[in-house]
1. Just to be sure, is Ser103 outside the structural domain of Ile154 (by the TED database), under 30 Å from Ile139 (Cβ atoms), open to solvent by 80 Å² or more (accessible area, probe 1.4 Å) and at pLDDT below 85?
2. Among the residues of the stretch 6-29, count how many are under 19 Å from the mean Cα position of the chain (by Cα) and within 17 Å of Leu134 (Cβ to Cβ).
3. Restricting attention to the stretch 156-193, which residues are over 22 Å from Asp282 (Cα atoms) and open to solvent by 10 Å² or more (accessible area, probe 1.4 Å)?
4. Taking the residues in the stretch 153-187 that are among the hydroxyl-bearing types (Ser, Thr, Tyr) and out of contact with any Pro (no Cβ under 6 Å at 6 or more places or on another chain) as candidates, determine which candidate is nearest to His245 (Cα to Cα).
5. Is it the case, given these coordinates, that Ser48 is over 30 Å from Lys150 (Cα atoms), of a type in the set (Gly, Ala, Ser) and open to solvent by less than 90 Å² (accessible area, probe 1.4 Å)?
6. Under 6 Å between Cβ atoms, which residue pairs at least 6 apart in sequence (or on different chains) link something in the stretch 218-229 that is within 14 Å of Gln258 (Cβ to Cβ) with a partner that is assigned to a strand (DSSP E or B)?
7. Scan the stretch 259-271 residue by residue and report those that are acidic (Asp, Glu) and touching a residue at least 60 places away in the same chain (Cβ under 8 Å).
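The values are calculated or read from the model by the stated rules, or taken from the named source; none is laboratory data. In this text, all values refer to a predicted model and were calculated from it rather than measured experimentally. Backbone-built Cβ (ideal geometry, glycine too); neighbour counts: all protein chains shown. In case anyone asks, the SASA skips ligands and DNA or RNA and just uses the protein heavy atoms, side chains included. Shrake-Rupley method; radii C 1.70, N 1.55, O 1.52, S 1.80 Å.
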Amino acid sequence: MISIISNELYSSLMLNDTRKILNEILELFDFINSNSFDIKKTEKIWDSEYNGDILVDWLYSNDEPVLSDLKRELSIQITKAQSFENSHEYELFQEKLSKDHPSYCDFNDKFLFIEDDNTENIHLISSIDKLLKLMRRYISVSPNKIEFFKMLKIYYPNLFFHENVFSSLRNLNTDFSDLLPEIVDHLTALDEFSKENNKLSKSNREKCADFESLFDINCSPESSREKAKLLTFKDGEIDITCECHTKFKKFGRNKNKQDRIYFSFGTELYEEGKIIVYSIGDHI
């Protein structure tokens, strides 16, 4: 994936809560760098203007001491970004932000991050959440099981995926490519739930009901204790039972074996309390 710093970055910073947006952009840089994505820029970015002020002057001014450390870090990140050999390359990407461009709704795997992502089919990325939303959209139309499994921990940072997940994908009752968009939707909902609601002191049944209410996805714990044992793995002295499951609406060859995602709401003693996804396959 190619990440391109927009020449409009400076004006985007000035039109919003500068401190908040600076933090979001620096977090985004950290995420991109940690996942080995390329970052590019044009040298013209240093001379970009807002109300007559120039970015490079603002970065090195002492007018806002509270922003000094953040501005210094932004300057370092821009400096580290690879420069386009000529501005024409950047302009080709810039053109794709126009609704009149034939590739407007098919922006491939390249994006500009600036102020906001307020148009569905245009990739203006300014936060990790917006980047993840874009990446998940791509994987939902790219049905390669190996690549899908490899990227899960990047696409869903609030979930932990047990090694059993990959083998379980072979046991889907529905064709993987047909079910993939729904798998992505369920994992996205679990990732969101893990961030905000998973720390509540409630039973599995209560948490499943909360999840179902929030995301309109069928979710419940296993009714059979014998089946629950089959969904249990051991880590040291800890037994972790992944009996909770979401059910997909799309049915496969056998309508009595509805495919499911089996998971545990997690424990603080394992993987920082993340939701643990154990299986994405047929009904156990």
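1. Working: outside the structural domain of Ile154 (by the TED database): yes; under 30 Å from Ile139 (Cβ atoms): yes; open to solvent by 80 Å² or more (accessible area, probe 1.4 Å): no; at pLDDT below 85: yes.
Judged against the criteria, Ser103 is not a match.
2. Here is the first cut: in the stretch 6-29, the ones under 19 Å from the mean Cα position of the chain (by Cα) are 21, 23-29.
Narrowing further to those that are within 17 Å of Leu134 (Cβ to Cβ): 24-25, 27-29.
The qualifying residues number 5.
3. First pass over the stretch 156-193, keeping only residues over 22 Å from Asp282 (Cα atoms): 157-158, 192-193.
Of everything in the stretch 156-193, those that are over 22 Å from Asp282 (Cα atoms) and open to solvent by 10 Å² or more (accessible area, probe 1.4 Å) turn out to be Pro157, Asn158, Glu192.
4. That would be Ser168.
5. So Ser48 passes the test.
6. Asn218/Lys247; Cys219/Thr246
7. Narrowing the stretch 259-271 to residues acidic (Asp, Glu): 259, 268, 271.
Asp259, Glu271 - these are the residues of the stretch 259-271 that are acidic (Asp, Glu) and touching a residue at least 60 places away in the same chain (Cβ under 8 Å).
Table: residues versus (1) farther than 29 Å from Glu196 by Cα; (2) touching a residue at least 40 places away in the same chain (Cβ under 8 Å).
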residue: Glu147; (1), (2): no, no
residue: Tyr155; (1), (2): no, no
residue: Phe160; (1), (2): no, yes
residue: Val165; (1), (2): no, yes
residue: Leu169; (1), (2): no, yes
residue: Phe176; (1), (2): yes, no
residue: Leu180; (1), (2): no, yes
